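The values are calculated or read from the model by the stated rules, or taken from the named source; none is laboratory data. All of these numbers come straight from a predicted model, not from anything done at the bench. Cβ atoms come from the backbone with ideal geometry, glycine included; neighbour counts cover every protein chain shown. Each accessible area value is taken on the protein alone, full model and side chains, heavy atoms only, with ligands, DNA and RNA left out. Shrake-Rupley method; radii C 1.70, N 1.55, O 1.52, S 1.80 Å.
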Amino acid sequence: MSATGLADVSMLELYRHEADERIETLTAGLLALERDPKSAVHLESCMRAAHSLKGAARVVGIAAGVDIAHAMESCFVAAQAGALTLDNGRIDALLRAVDLLRRISQAAEGESPEAAQSIPEAVRACLEALGRAAAAPAGNDAAAAREALPATTVAGDRAPGDAAPTPAEPQRQGGSAVRITAETLDRLLGLAGESLVEARWLTPFSQSLLRLKRQQYDLGSTLDRLRDALAGGHATEEAHSLLHEAQSRALQCRQYLASRLAELETFDRQVAGLSRRLYEGALACRMRPFADGLRGLPRMTRDLAHSLHKQVRLVIEGHDTQVDRDVLEQLEASLTQLLRNAIDHGIESPRARRAAGKPEEGVIRVEARHSAGRLLVTVADDGAGVDLDELRQTVVKRRLANTEAAAAMNEAELFEFLLLPGFTLAGSVTEISGRGVGLDVVRELLRRLRGTIRVSSRLGAGTQFQLHLPLTQSVVRALLVEVGGEAYGLPLAGITCALKLPRASIGSLSGRPHFTLRERRIGLVSAHQVLETRASPATTGEISVVVLNGGAGEVGLVVDRLLGERELVIQPLDARLGKIKDVSAGGLMEDGTPVLILDAEDVVRSIEKFAAGGDLAGLGANSAQSAQTPRRRVLVIDDSLTVRELERKLLTQGGYDVEVAVDGMDGWNAIRAGRFDLIVTDIDMPRLDGIELVRLVRQDPRLKSLPVMIVSYKDRPEDRHRGLEAGADYYLAKASFHDQTLLSAVAELIGRAAS
């Protein structure tokens, strides 16, 4: 490419970069002007943004961008002069112009700047709409409008000889910006993490040299004793001379070693501090303000509310809360879905709000803040709230539970159904909602990021979704524990507390050990049983306990030793391993030793499975050593937590030993690693669907005779044929959960559970 071509590409990139910034300014300004059309600050901001865009478009030769920006500028100048008011119709026209400018700026890199002319009809319609929007009102204001509009021609057009405006103005308030690829940034953070680990190696090395210092001292003492022994003998003059020289050199070595040790300790502190600052600086490069992930939400909220004839105000708090780049990018889609849900289902129509004694304008609040080392994102509305009775009826109607089970469910259990794919409370299907596709997007995000969600609602007062997410995907603050001679990390977000208990304070309830914490009974389970390691003999009268909060209650995990808190650099496990039971990732200790980072929720679920099967061992026993009557084992594979638990409870109550997997790949790993008498799987799952999973089982010589049952929402004949053709032995609709159909089908395949 010629130098001229390179220069053109560079200018086009600068134009795109500036267009992104100016378009954000225009969007935010127009949304503010919709509430306060006469705001001088926002009118000035929008006018300057349009003027800068016009100049930038002229430099790179995008004529359509020049025309549109000029027409927008005319509207803003007329509004500043009082010649027109930016009502809703004019705001709509201006926002459509902003959308068109965005399309022009996002032209494919391989296209020329004139690629914008490929949409001439859209440009022409936009200019006509802006022309109508800028038309002077009738009456006395007409003259003022005629005087104001031509003024934009003078302000916007460059006189001959004037310097061309630059396509990008420096952003002084935030400092200069540079562009860097995500891969380079990740590599920099990785190197900074390695530097931090290597710097920590100096401390144990310095401590190891203290042994040499002690040996030097012992050598000096030995020489002193030798001198005393020779003093009463008949040693020669030469022997005394050599002894004196040895003592002198030993003293010099000791002094020199002490001096070097002091210097090494100083260097250790300096390098550790420098590596720490380097790592924190590299980590800060990954962090972005929460507001960066919300730029499209105010516009989306405004447009969707208008289409539904509702009045909605979006309030965002915690703009400057720092969030990891990867977390923020994945969070945007979930926030969009939660807002759409709040606008469509939560906020009532103005008439309904008036009847309820509420302001016609509904309010949705999005807040981000740091809490206990986690990112807490809250989306709350002041709408109608969720009718729990209606939710129970829908659960029963959809045959997800029978009437008695639904009536016994608490609020948290009922809200779990809202996150199921295909579940909806909407009475009809519209372009916006009604198909039940939405909140499962939020659930999938939380699964990927190891986060949790809490839903609360008050009928008539609104609904609140709280997302608990990690601050970063790069580091985790964890409690290190020792189990069976190996170190493991437990993220602090999943821990209620850690403590040492006297063995005398441990009681027994229904044969299970427990202790009392703040007037609550907490069951105790050995980490050796959960992690399947060899139990260590008890050496003291105390036990070390970590109280985990896995979402379904608290449990005390008994470990060998508490090693203290650490900030671990996360090392993702190979994706080919799939989901490893009870493990979320790897990490590096201070001396570079790798450790496994446990998943608190997985650990709690494993404990629940032991408890449900009656397999919990005593604190001094290993699960592998516990003699239990063998029972038929069933693996349940479903990506829906609620459905998975319903199946597990039903089969467990039927006397089967049940293990669960969270998706197809997790199930495939479990099948290959364990021994099962039956596989019960869903079809639609991430990473590996149920049909492909059945094919893999049938292709494996060791597993091809293993019975497989498909349980799915899909109940069409073609769906059944597809599942059975893949090799499934039984196909059952999920509508049968509420009766004995599932247990009967399982008994038909592998027999009834042993009594």
_Quick check on my link table: of Lys310/Lys649; Lys38/Lys310; Lys397/Lys581, which ones sit more than 32 Å apart, alpha carbon to alpha carbon?_
Lys310/Lys649; Lys397/Lys581
*asked:* I need the phi-derived Karplus couplings for the stretch 273-280: 6.51 cos²θ - 1.76 cosθ + 1.60, θ = phi - 60°, integer Hz, Gly and Pro marked x.
replied: x, 5, 5, 5, 5, 4, 5, 5
*Would you please give the residues with an amide H less than 5 Å from that of Ile570, counting only those at least 5 places away or on a separate chain, with H modeled from the backbone geometry?*
Val475, Val476
*Using a 1.4 Å probe over the heavy atoms of the protein chains, calculate the carbon and sulfur portion of the accessible area of the stretch 257-332 as a whole percent.*
55
*Once phi is turned into θ = phi - 60°, what whole-Hz ³J(HN,Hα) does the Karplus curve with 6.51, -1.76 and 1.60 give for every residue of the stretch 485-490, x standing for Gly and Pro?*
x, 10, 8, 10, x, 10
*Would you grab the residues whose amide H sits under 5 Å from the one on Met685? Only those 5+ places off in sequence or on another chain, please, with H modelled 1.01 Å from N.*
Gly690
*10 Å binning of all Cα-Cα separations within the stretch 22-85, expressed as whole percents from 0 upward*: 25, 53, 20, 2
*With θ set to phi - 60° and the Karplus curve 6.51 cos²θ - 1.76 cosθ + 1.60, what are the ³J(HN,Hα) couplings of the stretch 456-466 in order, to the nearest whole Hz, using x for Gly and Pro?*
9, 7, 10, 4, x, 10, x, 10, 10, 10, 10
*Heavy-atom accessible area per residue, the stretch 275-317, 1.4 Å probe: how many Å²?*
46
*Inter-site label distance for Glu718 and Arg399 at 7 Å from Cα along Cβ, in nm*: 2.1
*Collect residues whose amide H, placed 1.01 Å from N in the peptide plane, falls under 5 Å from the amide H of Gly318; neighbours closer than 5 in sequence don't count.*
Ala368
*asked:* Using 0.36 nm times the number of residues separating Thr236 and Glu565, minus their current alpha carbon distance, what extension gain do you get?
replied: 112.3 nm
*Hey, quick one: spin label on Ala747, modelled 7 Å out along Cα-Cβ, who in the stretch 642-675 has an amide N within reach, i.e. under 12 Å?*
654-655
*Computed FRET efficiency, Cβ-Cβ of Arg227 and Arg187, R0 60 Å: what is it to the nearest 0.05?*
0.50
_Cross-link candidates for Lys704: which aspartates and glutamates have Cα within less than 17 Å, leaving aside residues fewer than 8 places away along the same chain?_
Asp677, Glu692, Glu725, Asp729
